[in-house]
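Laboratory data are not the source of any read-out in this text; all were calculated from the coordinates shown. Quantities reported herein were computed from a predicted structural model and do not represent experimental measurements. Cβ coordinates were reconstructed from backbone atoms using ideal geometry, including for glycine residues, and neighbour counts include every protein chain displayed.
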Amino acid sequence: PQIMAALFSAAIFGFLHGNLLQGIYAFLLGMILAFIMEKYQSLLPCILFHMSANLISVLGTKTGLLMFIFTSKSSLIIYSAISGLLLVISLVKLAMAGVLSKKYLLFLKMRKREQIRDITREREKIY
């Protein structure tokens, strides 16, 4: 069921991007985001990963930084190295986001417990 849900949500994510090329890219990104959501049980790492992917895409297309890919074979090698580096950076950011979101969720859980204790103490004072 989880795989079907991931496939379905990724397909919708791809379809909503509006064209075939972006749809394929978005479908694959959607599968990665589904995996991230299952692993960390939080939207924060998914949001950070999606923001990073969009930032790389926008910077690459709007500034023309990615156009060198099409000029020669040596450019393709350089692009591959840069892509590998960006992948490593994204994975590190993803791991950090997962750790931070888990710590934040733990903080919220502890805070809620403290609030419940405070409410219980207040009730005990009344009675």
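Just a few scattered comments:
- Distance-filtered residues of the range 1-42 - backbone nitrogen under 18 Å, label point 7 angstrom along THR61 Cα→Cβ: 13-30
- Efficiency of FRET between TYR25 and TYR104 - r from beta-carbon atoms, R0 35 angstrom, step 0.05: 0.75
- Scalar couplings 3J(HN,Hα) for the range 31-41, obtained by applying the Karplus form with A = 6.51, B = -1.76, C = 1.60 to θ = phi - 60°, are 5, 5, 5, 5, 4, 4, 4, 5, 5, 9, 6 Hz; x denotes Gly and Pro.
- Rh (Kirkwood; distinct C-alpha pairs) - the range 8-49, Å: 10.2
- Label positions at ASN54 and PHE35, each projected 7 Å from the Cα along the C-beta direction, are separated by 2.2 nm.
- Calculated FRET value between LEU91 and GLU122, using beta carbons and R₀ = 41 Å, to 0.05: 0.30
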